[in-house]
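What follows is one structure encoded as structure tokens, with my remarks underneath.
The values are calculated or read from the model by the stated rules, or taken from the named source; none is laboratory data. In this text the structure is predicted, and so the values were computed from the model without any measurement. Here the Cβ is made from the backbone with ideal geometry for all residues, glycine too, and neighbour counts use every protein chain on show.
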Amino acid sequence: MASKIIMMAIGLALEMSIRIVVLMIDVLLRKKEKTRKFGLEDPKFDGYPSPHVFSDWLNDMKCYFDCYEMSDMHKIQFAKMRLVGLANIY
């Protein structure tokens, strides 16, 4: 009798674990689909010495970060990868 109850408990725990994993996958896929819908190009900055060009790039980066929900560390790493040309030298 006790082993039957234990087996039922294990079965329920396994079923709940599977449901949680399925829900997590669903959330991740929806998030990925949401970000795909934006269709944003990742902005690049080439170091052109113009405050307007730099300001536009910063605004584009802010929009990109808002859409893709990045952590602060990922924002820094991503921004560094988007520097090209002279901007990448510094």
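Scanning the stretch 43-87 for residues that are surrounded by 13 or more Cβ atoms within 10 Å (Cβ to Cβ), under 14 Å from the mean Cα position of the chain (by Cα) and not in a helix (DSSP H, G or I) returns a single hit, 70. Applying the criterion of being hydroxyl-bearing (Ser, Thr, Tyr) and modelled with pLDDT under 85 to the residues of the stretch 42-70, the residue that is nearest to residue 30 (Cα to Cα) is 68.
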